[in-house]
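Scroll down for the structure; my scribbles are underneath it.
The values are calculated or read from the model by the stated rules, or taken from the named source; none is laboratory data. As the structure is a computational prediction, the values presented were derived from the model and not from experiment. Cβ: placed from backbone, ideal geometry, glycine included. Neighbour counts: every protein chain shown.
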Amino acid sequence: MKFRQFICGSTEHSTEERFVCAPYLRKAFFLDSAGEGKLSVCGLGFYRLFLNGKELTRGFLSPGITNPDDLVYYDVYEVTSYLRQGRNCIGLLLGNGMQNAVGGGTWDLQTGDFVGSPKAAVLLEIDGVAVLEADESFRYSDSPILFDDLRYGEHYDARLEQPGWSFPCFDDSAWRFCSVAPFPKGEQRESPLPPIARLNSLKPCRITRNRNGYLYDFGCNSAGLCELKLKGERGQRITLSYGEVIKDGELDLENLYNHDTNRALAHKDVYICRGEGEETYLPSFTYHGFQYVEVEGITPAQATEDLLTYHIYSSAFEELTDFSCSMETVNRLQAMAKNAVRSNFYHIPTDCPHREKNGWTGDAAVSGEYMLLNFGCETNFKEWLFSIRKAQREDGALPGIVPTTGWGFAWGNGPAWDRVLGYLPYYVYKYTGDVEILRENGEALLRYLQYLSTRKQEAGFAFGLGDWCEIGADVPTTPLEITDTLICYDLCRKSALLFAVAGMAEAASFAETLAGEIYEDFRKAYVTPAGACTVETQTAYALLIAYGMLTPLECESAVKRLVELIRENGNKLKTGILGAREIFHVLSRYGYGDLALEMITDDAYPSYGEWVKKGQTSLWERFHQTEDGEELRQVGGRPLTSLNHHMFGDISHWFMENIVGIAVNPRLEDPCHVVIKPCTLKKITHASGAYRRLGNTLSVEWEREGEILLLQATSRGGFRVEYDWGEGRLLEETRCGDTVTLKVKL
């Protein structure tokens with residue numbers, strides 16, 4: 001093992017009723033001579049690292065978010081330039097994170113064997129020789145962080161600061177000695193995750209007085225931290241409350257509470273001033289999803305624009321696409337979809353950046369492809385899959401959230417959620433060509449398919465969650481046995497392909513056989529001799545067509561019936577997340593791209609365009625109906641859910657493929673193969689976009705006048721570009737270096 005021992009300060013840990021300060025840990029030590037220094041650090045749940053007074057922490061919320069009984073990340077630092085001959089000092093500030101998820105009671109996150117006070121391991125090597133390890137000679141003291149929780153927030157008393165605490169010369173004689181902490185059970189693994197980093201900073205666009213203090217509006221619903229800057233009186237207590245919704249001029253947090261949420265703690269940071277000149281505060285071990293901040297405890301003179309700065313954070317992976325078109329609603333939705341991903345990617349893909357911050361598997365299953373198209377998040381997916389495999393039960397079953405302490409097996413999973421174990425490797429392979437991810441997950445995926453075979457009923461499968469968040473319905477109208485069985489069929493087909501690529505012939509044969517059985521049983525039960533579905537819903541037909549359950553001839557009539565169902569519903573979407581993931585692709589594939597665009601962009605409920613009309617800046621968890629002019633607060637007496645979710649965001653994928661016309665690796669043969677085929681959509685007259693991956697760049701720009709399309713594409717690197725005009729006819733083609741200009745008669 002990399003580390004032989006973990007240490008802690010106090011052995012007590014925070015609860016909602018009793019706070020325990022985040023600990024400072026430090027160790028002063030001598031070096032006779034300075035050589036090549038390597039410092040390995042693990043802090044559970046989170047840490048900040050200081051060496052000789054200099055902070056070196058590689059990223060916010062390091063080292064990662066895992067169940068420590070399954071996986072323990074650590075970071076390695078090259079520290080040669082920070083060490084010196086003579087006296088040195090290592091300092092750590094530790095936060096709770098998953099080690100003590102105070103606000104995670106809804107999901108039983110406090111029931112794990114690992115729950116306890118924060119702890120750390122340290123190993124310093126000079127020229128390859130271990131010279132210092134964490135032990136009982138480290139000292140600890142209470143820090144100014146009185147309370148910290150990933151979901152609730154942080155409380156900080158600046159009067160308790162100890163200036164210079166991480167410098168070698170600091171007098172720590174009054175500090176207590178550390179104790180040996182229980183050793184974590186999880187596998188130790190150096191974190192390859194890109195750090196969480198600051199992406200952008202916003203100043204408030206509006207400040208208003210309200211009942212409790214002052215309301216700061218930043219004009220964007222995203223995720224991150226507020227930096228507080230002011231001159232305050234000693235002991236002045238300032239509370240920052242974070243939310244997405246304003247009701248009657250007041251901050252409304254109802255959509256962010258669970259049934260057991262401690263409302264006195266949730267979504268709040270508290271700062272107590274030291275009263276010495278200008279003070280700044282930025283939380284260390286929490287983050288928030290918000291657009292609005294209510295500030296209590298400040299004077300009118302302090303309520304300035306400079307009081308708060310909104311720092312937007314996310315995992316620092318590369319942004320791979322650019323997009324623009326002639327329809328502003330589409331441009332806004334593309335930005336909203338990207339914002340939803342950024343807001344919900346803090347090491348792992350989460351469901352929302354405020355109430356839960358959980359790694360819901362089903363959410364990622366429907367969003368994984370558009371996430372990978374837009375962002376270089378494959379390393380994060382590979383590492384999250386490591387945690388998913390660790391969470392898998394011996395019988396092959398999977399939980400609905402990862403990391404988990406066991407919650408999510410009895411509720412919150414099922415094939416539509418569990419398929420993440422096959423879908424993410426499939427999409428990573430599609431966009432990067434990574435075969436190793438197939439091998440890493442192959443055994444676990446086979447075990448899951450074997451588990452599926454034990455759950456099979458006469459006509460298919462029916463367990464877990466179905467077409468979640470269906471528009472206008474509390475319970476999905478598409479029966480669970482329809483969505484589950486079709487998804488199991490698609491998963492088996494994808495798995496067979498993955499197994500074949502990974503060289504797992506027997507597993508591929510098992511998946512193909514199971515897929516064949518599902519195909520025969522489903523068609524007997526749910527497909528009429530004429531090729532129609534016995535269940536008449538948009539989701540049923542969209543999945544039936546998308547997942548290959550019908551013959552080509554049957555697909556033609558099924559698409560017509562799907563369009564009829566849409567027309568009967570006023571050209572409106574009537575699905576949950578499962579149907580919405582596929583329906584627009586199905587429509588455009590069969591010549592109904594204009595209908596798909598109308599369903600997305602219409603500004604009346606239910607549509608994505610309505611969110612734009614309401615001035616939203618991120619995607620919602622569900623489509624809520626409100627009357628024109630009514631404030632966002634409830635539908636049918638039920639509070640709003642999250643207004644920052646990614647699971648309805650595959651429209652971004654649809655925009656890139658059908659509007660710009662960039663389809664990546666459509667035959668799953670080569671991630672550098674790109675087909676350019678923009679849809680001819682009546683409301684779109686021009687578009688441009690770019691795609692960057694594997695060291696290659698492709699930019700596409702086109703303009704349409706009547707039946708003539710002028711397109712220019714520039715490819716630099718190794719992309720193999722193919723053009724597909726369908727029934728169109730190429731009139732002219734010119735090449736200049738890396739750029740191709742085409743004139744097409746549509």
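Would you call W384 aromatic (F, W, Y), surrounded by fewer than 21 Cβ atoms within 10 Å (Cβ to Cβ) and either on the phi < 0 side of the Ramachandran plot or touching a residue at least 40 places away in the same chain (Cβ under 8 Å) (or both)?
No.
Looking at (1) assigned to a helix (DSSP H, G or I); (2) in the same structural domain as R234 (by TED's automatic domain parsing), which is the one condition that is false for R389?
(2)
Need the failing condition index for R729 against (1) closer than 30 Å to Y605 by Cβ; (2) touching a strand residue (DSSP E or B) at 6+ places or on another chain (Cβ under 9 Å), just the number.
The one condition R729 does not meet is (1).
If you check N67 against the conditions, is it more than 30 Å from R393 (Cβ to Cβ) and not assigned by TED's automatic domain parsing to the domain that holds N258?
No: the conditions fail for N67.
Could you please find all residues in the stretch 180-196 being surrounded by 14 or more Cβ atoms within 10 Å (Cβ to Cβ), within 29 Å of I312 (Cα to Cα) and not β-branched (V, I, T)?
R189, S191, L193, P194, P195
F177 - would you say it is surrounded by fewer than 14 Cβ atoms within 10 Å (Cβ to Cβ) and touching a Lys or Arg at 6+ places or on another chain (Cβ under 7 Å)?
yes
Any residue that is more than 31 Å from the chain's Cα centre (by Cα), among the aliphatic types (A, V, I, L, M) and buried (at least 24 other Cβ atoms within 10 Å of the Cβ) - is there at least one of those in the stretch 20-27?
Looking for residues that are more than 31 Å from the chain's Cα centre (by Cα), among the aliphatic types (A, V, I, L, M) and buried (at least 24 other Cβ atoms within 10 Å of the Cβ), one finds at least one in the stretch 20-27, hence yes.
Quick test of your reading of the structure: D474 fulfils all but one of (1) in contact (Cβ under 8 Å) with a residue 40 or more places away in the chain; (2) within 29 Å of F648 (Cβ to Cβ). Name the failing condition by number.
(1)
How do the helices (runs of 4 or more DSSP H) wholly within the stretch 518-622 filter down when requiring 2 or more residues that are among the β-branched types (V, I, T) and not assigned by TED's automatic domain parsing to the domain that holds I684: which remain?
538-546, 552-568, 577-589, 593-601
For the stretch 94-144, which residues satisfy the criterion of being touching a Gly at 6+ places or on another chain (Cβ under 6 Å) and of a type in the set (S, T, Y)?
Within the stretch 94-144, just Y140 meets the criteria.
Tell me, which residue of the stretch 625-655 that is surrounded by fewer than 24 Cβ atoms within 10 Å (Cβ to Cβ), assigned to a loop (DSSP other than H, G, I, E, B) and among the hydrophobic types (A, V, I, L, M, F, W, C) is modelled with the lowest pLDDT?
L632
Looking only at residues that are touching a Lys or Arg at 6+ places or on another chain (Cβ under 8 Å) and at positive phi in the stretch 250-291, which one is surrounded by the most Cβ atoms within 10 Å (Cβ to Cβ)?
G275
For the stretch 681-699, which positions are out of contact with any strand residue (DSSP E or B) (no Cβ under 6 Å at 6 or more places or on another chain) and assigned to a strand (DSSP E or B)?
Within the stretch 681-699, R692, R693, N696 meet the criteria.
Select from the stretch 700-718 the residues that are within 15 Å of D322 (Cβ to Cβ) and either of a type in the set (V, I, T) or not in a strand (DSSP E or B) (or both) and write down the one among them that is farthest from the chain's Cα centre (by Cα).
Restricting to residues being within 15 Å of D322 (Cβ to Cβ) and either of a type in the set (V, I, T) or not in a strand (DSSP E or B) (or both), the top hit is T714.
How many residues, within the stretch 133-176, are in a loop (DSSP other than H, G, I, E, B), under 27 Å from M98 (Cβ atoms) and over 37 Å from the mean Cα position of the chain (by Cα)?
Selection size over the stretch 133-176: 2.
From the list L230, L240, exactly one residue is under 25 Å from the mean Cα position of the chain (by Cα), of a type in the set (A, V, I, L, M) and not assigned by TED's automatic domain parsing to the domain that holds V612. Which is it?
L240
Could you please give the count of residues in the stretch 685-702 that are surrounded by fewer than 21 Cβ atoms within 10 Å (Cβ to Cβ), closer than 19 Å to S588 by Cα and not polar (S, T, N, Q)?
1
Test of understanding: among N200, N255, N212, which residue is out of contact with any helix residue (DSSP H, G or I) (no Cβ under 8 Å at 6 or more places or on another chain), part of a loop (DSSP other than H, G, I, E, B) and under 25 Å from G615 (Cβ atoms)?
N212
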